[in-house]
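Contents: one structure, followed by commentary.
Just so you know, all these numbers are worked out from the coordinates, no wet-lab data involved. In this text the structure is predicted, and so the values were computed from the model without any measurement. Positions of Cβ are generated from backbone atoms using ideal geometry, with glycine treated the same way; all protein chains shown enter the neighbour counts.
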């Protein structure tokens, strides 16, 4: 049985993954990174976008995204139950303000095969160079085409449903640029949307992790990892509405 250390973000996704893996994997330590302040996130995004784009994204995150969560809550709930995802957190974990401030000496003393990342902030180059264990990341998107966030949604919006899936990859100093370990696609239906794509991606991602830890041969959707890609952020309000009017939501 492989041994994992899990670094996760403060959200339900890490709960789904940990609870699913516990029956087949020995999870020796879990570190949960506290949620980043909204102000810090906004500051970083503002530096990467034009003012109009920033306002559009801010409007989406502040108003439309919460509304979509309410509208599609029952669909998401029924989907998580049908797919047997457990949102509970009935296990011990260490809470850290920032994953990059973790005690390296203690991590290096832990007996594990891999460190698995689920939704933390970007790991610094200095931390990567200091950790002796291999670090892998579950990314909800097909890299290198869909790096960043909401890879499932962006593939649908761009009419590339054949690339709506999930990637397990090694971690380097870039954003979702590490070498691909394995990838898989999700099965879409007419009820899927911005809120439910990540649920289906997580299920396939858990299967990828299990398969990799069992030593199985891994499948890659993208064979040429040198393909150029754009780093994806949250959609803007006008962008989402235009896509929804085309049936892509």
Fully extended contour minus Cα-Cα distance, from residue 70 to residue 95, at 0.36 nm per residue: 6.1 nm
For region 26-74, rounded, prolate or oblate, judged on the Cα gyration tensor with a ≥ b ≥ c (square roots of eigenvalues), a/c < 1.5 rounded, else prolate if a/b > b/c? oblate
Evaluate the distance, in nm, between pseudo-label points positioned 7 Å from the Cα of residue 172 and of residue 36 along their respective Cα→Cβ axes. 2.1
Can you give me the convex hull volume of the Cα atoms of region 105-201, divided per residue and expressed in Å³? 100
For a quick check: sort 56, 111 by the number of other beta carbons within 10 angstrom, fewest at the front. 111, 56
Please order 160, 217, 106 by the number of other Cβ within 10 Å, starting at the fewest. 217, 106, 160
Is region 13-100 rounded, prolate or oblate when judged by the Cα gyration tensor, a ≥ b ≥ c being the square roots of its eigenvalues, rounded requiring a/c under 1.5 and prolate requiring a/b larger than b/c? oblate
Could you tell me how many degrees, from 0 to 90 and to the nearest 10, lie between the Cα long axis of helix 197-213 and the main elongation axis, the longest principal axis, of the Cα atoms of the chain? 20
Please compute P(r) over all alpha-carbon pairs of region 3-245, binned at 5 Å starting from zero, and give each bin as a whole-number percent. 1, 6, 13, 18, 20, 19, 14, 7, 3, 0, 0
Using the basic label-point model (7 angstrom from Cα toward the beta carbon), what is the residue 210 to residue 51 distance in nanometres? 5.2
To the nearest 10 degrees, how steeply does helix 12-21 sit against the main Cα axis of the chain, on a 0 to 90 scale? 40
Quick one: check the C-alpha center-to-center distance for region 1-66 versus region 90-149, whole angstrom. 12
Counted neighbours (other Cβ, 10 Å), sorted fewest up, put 208, 185 in the order 185, 208
Relative to the longest principal axis of the C-alpha atoms of the chain, give the angle of the C-alpha long axis of helix 38-48, reported between 0 and 90° and rounded to the nearest 10°. 70
On the formula 1/(1 + (r/R0)^6), with r taken between the Cβ atoms of residue 113 and residue 44 and R0 of 35 Å, the FRET efficiency rounded to 0.05 is 0.60
222 nm mean residue ellipticity, helices alone, for the chain (DSSP H n ≥ 4; -39,500 (n - 2.57); rounded to 500): -10500 deg cm²/dmol
Of 54, 163, 31, which is the most mobile in a GNM of the chain whose springs link Cα atoms less than 10 angstrom apart? 54
